[in-house]
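One structure below.
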Amino acid sequence: MTDEGFTEAVKELPLLEDLELSLCDNVGGSGVYKVVGDACTQLKHFRLSKHGLVDNDVPGIASMHRLRSLQLFSNRLTSMGLETILDNCPQLESLDIRRCNKVSLQGTLLAKCAKIKKVRLPHDSI
């Protein structure tokens, strides 16, 4: 499925609560994640386990305001990107950023993560 086909399909799922796009090499990018955030306003769980996520994709994920759990396993997410997501997803209870080696938890970012019930850090075991 292409980005265009996926975005059209996801617009028809406004009550979707759980979405995993792990290993979906043909689907991704900030436009796609923004469409998901806008169309699926009830989304509570989002998983993306691939190497493609970059900071340009962050605004799309940050638009998923009702997320309770977020897994961004083995991505190129940075500390700044993670902080943007945490600022916009205040209901997060579970965060998995294992193998996101560009994230450094210090200062305010560490304090924001401390408010989340379950956190799996970049160097935690798989």
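Listing for the model above:
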read-out: Lysine pair number, Cα distance threshold 30 Å (strictly under), the chain, separation 8 or more or different chains; value: 24
read-out: Helix axis angle, 79-88 relative to the chain longest principal axis, alpha carbon, degrees; value: 70
read-out: Carbon and sulfur %, accessible surface of the stretch 1-85 computed with the full protein complex present, 1.4 Å; value: 54
read-out: Dipole of the chain, positive direction: furthest Cα of I85, V10, V103, with charges on the beta-carbon; value: V103
read-out: Under DSSP loop assignment and at most 13 Cβ neighbours within 10 Å, longest trypsin sites (Lys or Arg not before Pro)-free interval of the chain; value: 12-114
read-out: Coordinate range along principal axes, alpha carbons of the chain, Å, largest first; value: 40, 25, 24
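The values are calculated or read from the model by the stated rules, or taken from the named source; none is laboratory data. If you're wondering where the values come from, they're calculated on a predicted model, not measured in any experiment. With ideal geometry, Cβ positions are generated from the backbone for all residues, glycine too; neighbour counts draw on all protein chains shown. The accessibility values were calculated without ligands, DNA or RNA, using every heavy atom of the protein model including side chains. Shrake-Rupley method; radii C 1.70, N 1.55, O 1.52, S 1.80 Å.
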